[in-house]
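Shown next, in structure tokens, is the structure this report addresses.
The values are calculated or read from the model by the stated rules, or taken from the named source; none is laboratory data. These numbers were taken from a predicted model, which means no experiment stands behind them. Neighbour counts run over all protein chains shown; Cβ positions are idealised from the backbone, glycine included.
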Amino acid sequence: MAQVWDVIVVGGGTAGMPAATFAAERGARVLVIDAAPDVGGTLHLSTGQLSAAGTNLQARKGVSDTTDAHYDDIMRISKNTADPVLVRLAVGHAAETFNWLQDNGFEPLSEHPVLGKAHEPYSERRYYWGIDGGMSILNTLRGPFQAQVDAGRISVKLSTEVTALVKDEDGAVVGVETAGPDSNETIHGTNVVLACGGYSSNGEMFRELNGFPQYFNGAYPYAQGAGIRLGQSVGGVLRGHAYYLCGYGAVLDSDTIPAGMTVRPIHHPEMREPWEIHVNVRGERYVQEDVRSVDVREHALLKQPELRRWVIYDNAIAQASPPQFDGVDKTAEMAFFDTHPMFAKADTLDALAQAAGIDAGGLAATVAAYNAAIATGAPDPMGRQHRPLPIKQGPFYAIRVQGTSISSTVGLAVDADLRVIDKDNKPIANLYAAGELLGSGQTMGDSFCGGMMATPALTFGRLLGQRLLNWEDRAAQAAE
């Protein structure tokens, strides 16, 4: 291996692979170091949602879109909490990234682009993903990446952790210390790119930075927060603490933290109108269950104790309503009540509350108010429109749903050139960061914006390798 690398990329995932590929195409000697046994990062698990305005695919399908409109949508959905500099950088170059993916074989689903799914919709059709989710992206990245490996311009160290950053006497980052399967090394490089992902599998760091436990054991196992520790060790600071948000929830298989997932309820009214009510541990309704905005539902759940809700209904609703879970029929759904710890059934509301762990008085009052409004034709106390049946005929049912997240909200602060910055907003020489290590709080703010995790990661990695990293000038200066 070269004595001094032009670029050391820590993490060979969504941001790291394009950073390495494009730098190598410019002639750089690149070393990629990854703690995992293979490159790809979270793309092995990700849904791979992308968003980009002004793409060739949009043009072919007659969709007129602009980066300004994309930017405005992100700021609207995030309520102006996303970082405007990083959002502008991401959306301003997203089309180039998407077009490059397509040129290298990426195939979106035939009906794409679409306005949105699962998250707040965009104002224009600019949302895409492939049939195999994140693997569709990874399979596309592998070709150009491997071509540079085969050409000898990228070398890869797998199953190797970067344990520290090496600084010179002026505080500039000049390399990394590693722990590998065979030996520990100090490796020098002109540029160091931290692209080693988030912290969602590090329970202690998750709770520290997000303020909640990591309830769901579904994150990438190598997302241990290594980049957070490395960046902070040389003076880097974090952003995004105020913007943690969970999804509207899943049924977990136990009270173990973290736990596995059994099923995910269909809570989008456009897919299935709610027949049931949603209550918190006090037995209180806290949101209009049929509100069209998923962002409203998610933020309402965020305010509930332990990010939990219970789905409450009776026998008549159980018999008449459509299935509640994607891919699970009614027979299998009802069978959960005999075996699953998050499903409770009882002949009375009082007994149901006791079995489910909900305040009995609060649940009784809530159901009485819901039923009274239906019986009298009065407006629903929460503004709900879809009220097909009251909840009054036992047996009664409760399903406990847990708010979950598997991405990292908090991340390293960077400037417009993706240089890691310190508490005085000054760049730390030679150190860059991209990908989930920046945190969703910077690219999406306090809301989930479709495609604004994977697309910025790909785009920032591409930009770093393509034009932001600098080794030619330094090499010339060293030669002089």
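Screening Asp415, Asp338 for residues that are surrounded by fewer than 17 Cβ atoms within 10 Å (Cβ to Cβ), more than 30 Å from Val234 (Cα to Cα) and acidic (Asp, Glu) leaves exactly one candidate, Asp338.
Would you check which residues across region 384-416 are of a type in the set (A, V, I, L, M, F, W, C), at pLDDT 95 or above and either assigned to a loop (DSSP other than H, G, I, E, B) or farther than 30 Å from Leu438 by Cβ (or both) and list them?
The first filter runs over region 384-416 and keeps only residues of a type in the set (A, V, I, L, M, F, W, C), leaving 389, 391, 396, 398-399, 401, 406, 410, 412-414, 416.
Of the ones still in play, those that are also at pLDDT 95 or above are 389, 391, 396, 398-399, 401, 410, 412-414, 416.
Within region 384-416, Leu389, Ile391, Phe396, Ala398, Ile399, Val410, Ala413, Ala416 qualify.
Taken together, the criteria place Gln442 among residues that are touching a strand residue (DSSP E or B) at 6+ places or on another chain (Cβ under 9 Å) and polar (S, T, N, Q).
Under the condition of being among the basic types (Lys, Arg) and modelled with pLDDT of 95 or more, which residue from region 96-133 is nearest to Val30 (Cα to Cα)?
First pass over region 96-133, keeping only residues among the basic types (Lys, Arg): 117, 125-126.
Next, from what is left, pick out any that are modelled with pLDDT of 95 or more: 125-126.
Details: Arg125: 37, Arg126: 33 Å.
Only one residue tops the list, namely Arg126.
Using the structure shown, decide if Ser136 is surrounded by fewer than 19 Cβ atoms within 10 Å (Cβ to Cβ) and modelled with pLDDT of 95 or more. Even if it seems obvious, please write down each step before you answer.
Numbers: surrounded by fewer than 19 Cβ atoms within 10 Å (Cβ to Cβ): no; modelled with pLDDT of 95 or more: yes.
Answer is no for this residue.
With respect to (1) buried (at least 21 other Cβ atoms within 10 Å of the Cβ); (2) in a helix (DSSP H, G or I), the lone exception for Ala82 is condition (2). Restricting attention to region 39-58, the residues being over 13 Å from the mean Cα position of the chain (by Cα), part of a loop (DSSP other than H, G, I, E, B) and farther than 18 Å from Gly461 by Cα number 3. Here Gln148 meets the list (1) surrounded by fewer than 16 Cβ atoms within 10 Å (Cβ to Cβ); (2) assigned to a helix (DSSP H, G or I); (3) of a type outside the set (Ser, Thr, Tyr) almost entirely, failing just condition (1). Taken over region 151-166, residues that are assigned to a loop (DSSP other than H, G, I, E, B) and in contact (Cβ under 8 Å) with a residue 60 or more places away in the chain amount to 5.
Hey, does region 162-181 have a residue that's surrounded by fewer than 23 Cβ atoms within 10 Å (Cβ to Cβ), within 17 Å of Trp471 (Cβ to Cβ) and charged (D, E, K, R)? Scanning region 162-181 turns up at least one residue that is surrounded by fewer than 23 Cβ atoms within 10 Å (Cβ to Cβ), within 17 Å of Trp471 (Cβ to Cβ) and charged (D, E, K, R). Looking at Leu50, is it in the same structural domain as Gly105 (by TED's automatic domain parsing), within 20 Å of Phe106 (Cβ to Cβ) and modelled with pLDDT of 95 or more? Criteria met by Leu50. Among the residues of region 321-356, the ones that are within 30 Å of the chain's Cα centre (by Cα) and not aliphatic (A, V, I, L, M) come to 12 in all.
Does Phe98 qualify as being in a helix (DSSP H, G or I) and either farther than 24 Å from Glu298 by Cα or assigned by TED's automatic domain parsing to the domain that holds Leu463 (or both)? Write out each step before concluding.
Numbers: in a helix (DSSP H, G or I): yes; either farther than 24 Å from Glu298 by Cα or assigned by TED's automatic domain parsing to the domain that holds Leu463 (or both): yes.
Yes; evaluated as a whole, the condition is true for this residue.
For beta carbons closer than 7 Å, sequence separation of 6+ or different chains, a first residue in region 105-126 that is under 14 Å from Ile77 (Cβ atoms) and a second that is of a type in the set (Lys, Arg), the qualifying pairs are Leu115/Arg125.
Of everything in region 276-294 that is closer than 19 Å to Gln324 by Cα and aliphatic (A, V, I, L, M), the residue that is farthest from the chain's Cα centre (by Cα) is Ile277. Based on what the data block shows, is Ala332 exposed (fewer than 15 other Cβ atoms within 10 Å of the Cβ) and more than 20 Å from Gly362 (Cα to Cα)? Judged against the criteria, Ala332 is a match. Checking each residue in region 438-450 for being within 15 Å of Gly247 (Cα to Cα) and either of a type in the set (Gly, Ala, Ser) or outside the structural domain of Tyr127 (by TED's automatic domain parsing) (or both) picks out Ser440, Gly441, Gly445, Ser447, Gly450.
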